[in-house]
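For reference, the structure is listed below as structure tokens.
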Amino acid sequence: AQSVTQLDSQVPVFEEAPVELRCNYSSSVSVYLFWYVQYPNQGLQLLLKYLSGSTLVKGINGFEAEFNKSQTSFHLRKPSVHISDTAEYFCAVTVTGGGNKLTFGTGTQLKVEL
Amino acid sequence: KAGVTQTPRYLIKTRGQQVTLSCSPISGHRSVSWYQQTPGQGLQFLFEYFSETQRNKGNFPGRFSGRQFSNSRSEMNVSTLELGDSALYLCASSLGNNNEQFFGPGTRLTVL
């Protein structure tokens, strides 16, 4: 079985500062990795995904993530955050070739302050 | 292109009742997955349907069931509702295996 750990439940940061949201995963088989964002009272929106190839993945809204197989990590970064980035962020994995069953982390609430 | 739609958006039921939630995927998408989101348990996978067949199933009791129609629309049913079933139920559609999943806005179910 797969599992995802998001160690930080909340991350406060000032506007225009950089931010890193941490994600570690556990799996005995190959996985695909995803970051989703959820704004209040809305569904989930895909920020970026790692399927294969370059370990540095760029997504929407200026976010990027780096896949590190040896550390089983997929941390999300943004060099300069905006107030509108305030939301909950979820890291997720799915087994390669195993359908679309996503296993999610517990989420990180990013709060951007002025 | 229209996104994933879910109906109803809000629902209030009492214990013991049953409920049916509906999900219309993006046109052309054949995979529909359902997730339950609660403050205590987070996001948990319920099941996935692909071309009218259940392809994956999460660890939920048999009170939770679903189906998919030939037009890819999907419904999930919860029978004998319990207070703990109060949650946001999210539906996601995808073209196929390991493709990006597009989520709907969810149905907020409250069980009293």
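In segment A:83-102, the residues that give up 10 Å² or more of accessible area when the other protein chains are added, compared with the chain on its own (1.4 Å probe), are A:PHE90, A:GLY97, A:GLY98, A:GLY99, A:ASN100, A:LYS101, A:LEU102. Inverting the pair-averaged 1/r between distinct Cα atoms of chain B gives 13.9 Å as its Kirkwood hydrodynamic radius.
Under the definition of partner shielding as Cβ atoms of other protein chains within 10 Å of a residue Cβ, what is the mean value for peptide A:44-51?
The per-residue average across the peptide is 3.
Note on A:SER28 and A:SER84: their simple-model spin labels are 4.5 nm apart, each label 7 Å out from Cα toward Cβ.
If both residues of a DSSP beta bridge must be in chain A, then about 85% of such bridges are antiparallel. Across the accessible surface of segment B:30-112, with the other protein chains kept in place and a 1.4 Å probe, carbon and sulfur atoms take up 47 percent. Other residues with beta-carbon under 13 Å from the beta-carbon of A:VAL31 carry, at +1 per Lys or Arg and -1 per Asp or Glu, a net charge of +3. A straight Cα-to-Cα reach below 24 Å connects A:LYS49 with the lysines A:LYS58, A:LYS69, A:LYS78, A:LYS101, A:LYS111, B:LYS1, B:LYS57, residues fewer than 8 places away in its own chain not being considered.
Once R0 is set to 30 Å, what does the formula 1/(1 + (r/R0)^6) return for the Cβ-Cβ distance between A:LEU114 and A:LEU56, expressed as a FRET efficiency to the nearest 0.05?
For R0 = 30 Å, the calculated efficiency reads 0.50.
Using a 1.4 Å probe over protein heavy atoms, the accessible area lost on pairing B with A, summed over both chains, comes to approximately 1700 Å².
Counting only other residues whose beta carbon sits under 15 Å from that of B:ASN77, what net charge do I get with K and R as +1, D and E as -1?
+2
Computed over the alpha-carbon pairs of chain A, the distance histogram in 10 Å steps reads 15, 50, 29, 6, 0 percent, short to long. Within a Cβ distance under 12 Å of A:LEU44, other residues only, what is the Lys/Arg minus Asp/Glu net charge? Every neighbour counted, the sum reads -2. Using Cα springs under 10 Å in a Gaussian network model of chain A, which residue among A:ALA92, A:ALA17, A:ALA65 shows the largest mean-square fluctuation? Judging by the Gaussian network model, the answer is A:ALA17.
Shielding value for B:55-61 is 2, the average number of Cβ atoms from other chains within 10 Å of each residue's Cβ. The residues of chain B present an accessible area of 47 Å² per residue when probed at 1.4 Å with all protein chains retained.
The values are calculated or read from the model by the stated rules, or taken from the named source; none is laboratory data. Please read these numbers as outputs of a predicted model, since none were measured by experiment. Reconstructed Cβ throughout: ideal geometry from the backbone, glycine too, with neighbour counts over all protein chains shown. Heavy atoms of the whole protein, side chains included, go into the accessibility calculation; ligands, DNA and RNA do not. Shrake-Rupley method; radii C 1.70, N 1.55, O 1.52, S 1.80 Å.
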